[in-house]
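**Q** My structure is below; once you've seen it, I'll send some questions.
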Amino acid sequence: MTFGEQPAYLRVAGDLRKKITDGLLPPHTRLPSQARIRQEYGVSDTVALEARKVLMAEGLVEGRSGSGTYVRERPVPRRIARSGYRPAGGATPFRQEQADGEARGTWESHSEQVEASGAVAERLGIKPGDRVMCTRYVFREAGEAMMLSTSWEPLDLTGRTPVMLPEEGPLGGMGVVERMAAIDVVVDNVTEEVGARPGLAEELLALGGVPGHVVLVVQRTFYASGRAVETADVVVPADRYRVAYHLPVK
């Protein structure tokens, strides 16, 4: 095989990747051995090994102890719907995060008072070290962890009020907009910034991913008259989900 300017191992990985995505190497099929790759593509052992490493890092194949390397089952990506304001009317936290009328699932949450890190303080417009209420969520669909969320609210706003704990009290689980309205804070804007990065070890452990998998991170902040009243990081596995936005036209 004649190779161009692209490194040989990437060309080999690209050809094998195409065979996987085209179905020529279906899930659970054993990947060609290093010796076979070397022979078929006319490359060195080093190139063959690096090509296999690329496919493994991309999550397309997995090693099985004492058996070899096999093509992984690739999940069909599902949609997570997002919209501006979370729905009112006592929707569950699962429904609030998905903003989808058909969304059904379970969740777990834990809240604790912590000191704001520099990054969180910047997003909330407060000083590093100021006290915030941090709430961590695990959302599940059919028992499978599919989304994580960590939110922070400034305690100089919500402290000693009925909405200090997002998931407890008379308005527990009612969403940021309704909870803030209960203390006469009118949320009038929300921003969401979407990015991707390698998942942290603890995130992938919770989501059932493997090291090196990429996650989508939705960085959300609610505002009331220009003041940030809540900010959150929503994390979903990029290989299993797509984030779809429903934005009203004014």
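**Q** Run the numbers for V76 and S33: contour at 0.36 nm per residue of separation, minus the present Cα-Cα distance, in nm.
**A** Gain in length upon complete extension: 12.7 nm.
**Q** Let me ask something additional. State, to one decimal in nm, how far the label point of T106 lies from the label point of K127, with both points 7 Å from Cα in the Cβ direction.
**A** Distance between the two pseudo-spin positions: 4.4 nm.
**Q** Report, in deg cm²/dmol and to the nearest 500, the calculated mean residue ellipticity at 222 nm for the chain, where each DSSP H run with n ≥ 4 adds -39500 (n - 2.57) and the sum is divided by the residue count.
**A** Computed mean residue ellipticity for the chain: -7000 deg cm²/dmol.
**Q** Provide, as a two-decimal number, the C-alpha radius of gyration of the chain over 2.2 N^0.38 Å, N being how many residues it has.
**A** 1.28
**Q** If you wrap the range 164-225's Cα atoms in a convex hull and average its projection over all directions, what's the area in nm²?
**A** Mean shadow area of the hull around the Cα atoms is 5.5 nm².
**Q** Can you list the aspartates and glutamates whose alpha carbon is less than 18 Å from that of K19, not counting same-chain residues fewer than 8 positions off?
**A** Cross-link targets: E40, E50, E58, E62, E73.
**Q** I need to check one value: relative contact order of the chain, counting alpha carbon pairs closer than 8 Å and at least 6 residues apart, in percent.
**A** 17 percent
**Q** Where does each of 64-71, 213-220, 53-60 land if you order them by average Cβ count within 10 Å, highest first?
**A** 213-220, 53-60, 64-71
**Q** Explain nothing, just the number: dipole magnitude of the chain about its Cα centre with +1 on each Lys and Arg Cβ and -1 on each Asp and Glu Cβ, in debye rounded to the nearest 20.
**A** It works out to roughly 920 debye.
**Q** What does the convex hull of the alpha-carbon atoms of the range 104-224 project to on average, in nm²?
**A** Dividing the Cα hull surface by four gives the mean projection, 8.1 nm².
**Q** Expressed as a fraction of 2.2 N^0.38 Å, the rule-of-thumb size for a compact globular protein of N residues, what is the C-alpha radius of gyration of the range 1-76?
**A** Dividing the Cα radius of gyration by 2.2 N^0.38 Å gives 1.04.
**Q** Once you keep just the Cα pairs under 8 angstrom separated by 6 or more residues, what percentage relative contact order results for the range 166-216?
**A** Reported as a whole number, the value is 24 percent.
Throughout, read-outs are computed from the coordinates displayed, never taken from laboratory work. Computed from a predicted structure; not experimentally measured. Cβ atoms come from the backbone with ideal geometry, glycine included; neighbour counts cover every protein chain shown.
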